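What follows draws every value from the coordinates through simple rules; no lab data is involved. Computed from a prediction, not measured in an experiment: that's the story for all the values here. Glycine also receives a Cβ, built like all others from the backbone with ideal geometry; neighbour counts cover every protein chain displayed.
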Amino acid sequence: MNNKINVDMLSEQNAVKLSALEEDYSYLSSRLARENLDIEALVEKAQNFQIAVPSWGVGTGGTRFARFPGIGEPRNIFEKLDDCSVINELSRCAQSVSPHFPWDAVDDFKELKGYSDSLGLKWDSINSNTFQDQVDQAKSYKYGSLTNTDAKTREQAIEHNIQCIEWGEALGSKRLTVWIGDGSNHPGQQHFQRAFERYLDSMKTIYGALPSDWELHIEHKMFEPAFYSTVVQDWGSNILAAMELGDKAKSLVDLGHHAPNVNIEMIVSRLIQFKKLGGFHFNDSKYGDDDLDSGSLHPYQQFLIFNELVDAEFRGQEGFDPSYMLDQSHNVTDPIESLINSAIEVQRSYIKALIIDRDALYEFQDKNDALMASATLKKAFNMDVDSILAMARYRSGGAIDPIYSYRQSEYRAQVAKDRPAMAGSGSGIV
Ligand code: LRH
Ligand code: MN
C-alpha cells in the first residue's frame, strides 16, 4: 500500500500513548461490564464503522463572500485522494471517497481507479452537478436543470447524470446522489406542481439508466441557491419522489438542509419505517447550510439520530442499509484535521447509541415514564467512549491520537512544497 504517513513513526507515537490507553480501556471495560456490555464487541463495531469523505471537503472551503485558501491545497482528484488517504491511515474509519463530477472528472478513469486502489481507497456515492454551468455547456442552468421549463436543458442535465453513472461504474461505485438547486426567488415565478412533474419525469429517465445493483439517492434542501422555493425542499417532497421512482430510489438526509430546530431524528425514523432511508451527509450548523464539523455544535442531536439508526439495527428493520458520509466545508481549519475529527465524532455517536439499554428504554416508553426514558438515553450519551474509539484505531493500524500524529508527520508542510500556493481569495464553497 502506498501510505502517506510513515508507519514506523506512527507505531513509535502509538507506543508512547499505549499504556495510558490501556489504563482508560480497562477502567471502561469494568464500567461497561457492570451494565452487561462487552467492550470487545463495541471495539469490533467501531472497527467495522465506515464513513465516506467528500472529495471536495479536503480543499479549503469558502462562502459567497470569499475563500481564503490554505497552504498545500490539493489541485486535482489525485492530490485529493492523497489527503483522503491520510485521513483514513490515521482514523481507520474513512476508507471511501465520494467524488463530485465534473469537479473530479479525468480522461482516464482506469488510471484513477488504479491510483485509488494503490491507496486502499474505495469510491462511495457519485455526486452529479447541475447547479453550475460548465465552460463548454450548451444550455444554462440559471433557471433550473432537471426541472427547467426548456426540454433541451432538462435533457442536458439528464445526460450529465447518466454520464456520472458510467464514470461511477468505472470506479466501482454503487450509488448516484442527485442534489439540484432548482427553485424560485419570487412568488409566482414557478408553478410548483409542474416543476415537480418535470423533476419526476427527468428522474425517471435517470432511474431507468441505473444498473440493477445501484441506488439513486435524492437529497432535499430547504433553500440556497433558491431563496423563495426549492423543488426538492424537504423530506416530504423527497420521500414522495423516492416512492414514485421505485425501490432503488432512496432519500438522503443532509443535516444542514433543515430549518434550525427541525426534529431530524424523527425524519430519520419515518424514512427507516418506509424503507426509504438511503444515507446521510453529516455536518453541523447553527443558522443555514453552514457545513460545519459534525458534532461540533449539536452532538446530542447527532447521538439521537444514531439512536434511531441503532434501534432499526436492533429491531432488524427490513431494508435498512444506510450509507454514511461527511459533507462539510472547512474555511478556517486544516481540512484533513477537521475531517479526521468529524469522522471520529460520527463514529462516537454510533458507539454511544450502541450502549443504550433498549429493553429498559422500551419499558419506560410503554409505561410513559418520560424521565427515566430520557435518562436512559442520557446515561449512554454521558459515557466517555474515547478509549473504545482509540483502541479500534490502534488495532486497525491507525493512530491512538490522530491529530497529534498528523501534526508530527508535517504532511501539510511537505505537500505545500510540491503544491504551489493558490493566488487570490475568490469565493464559493470549493
Ligand atoms: C448542497 C450539497 C450537496 C453537494 C454540495 C457540494 O448544499 O450539500 O450535497 O452536492 O453540497
Ligand atoms: Mn450535501
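Structure values in brief
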item	result
Antiparallel DSSP beta bridges within the chain, as percent of all bridges there, nearest 5	10 percent
Amide proton proximity set for Trp123, modelled H, under 5 Å, gap of 5+	Val97
Calculated [θ] (222 nm, deg cm²/dmol) that DSSP helices of n ≥ 4 give over the chain, each run adding -39,500 (n - 2.57)	-15500 deg cm²/dmol
Cut-off under 5 Å, modelled amide H: who pairs with Ser323 long-range	Gly279, Phe280
Per-residue Cβ neighbour rank within 10 angstrom, fewest leading, Asp136, Asp108	Asp136, Asp108
Cα shape, the chain, gyration tensor, a/c 1.5 rule	oblate
Residues of type aspartates and glutamates that Lys174 reaches as a straight line, Cα spacing below 16 Å, ignoring anything fewer than 8 places off in the same chain	Asp124, Glu166, Asp213, Glu215, Asp247, Asp321
Protection-proxy order for peptides 218-229, 4-15, each taking the mean of Cβ atoms within 10 Å per residue, highest first	218-229, 4-15
Ordering of 155-163, 93-101, 273-281 by packing [mean C-beta count within 10 Å, highest first]	93-101, 273-281, 155-163
Packing-based order for 408-417, 333-342, using average beta carbon neighbours within 10 Å, highest first	333-342, 408-417
Flagged links, alpha-carbon separation over 32 Å, of Lys286/Lys378; Lys4/Lys248; Lys110/Lys204; Lys122/Lys352	Lys4/Lys248
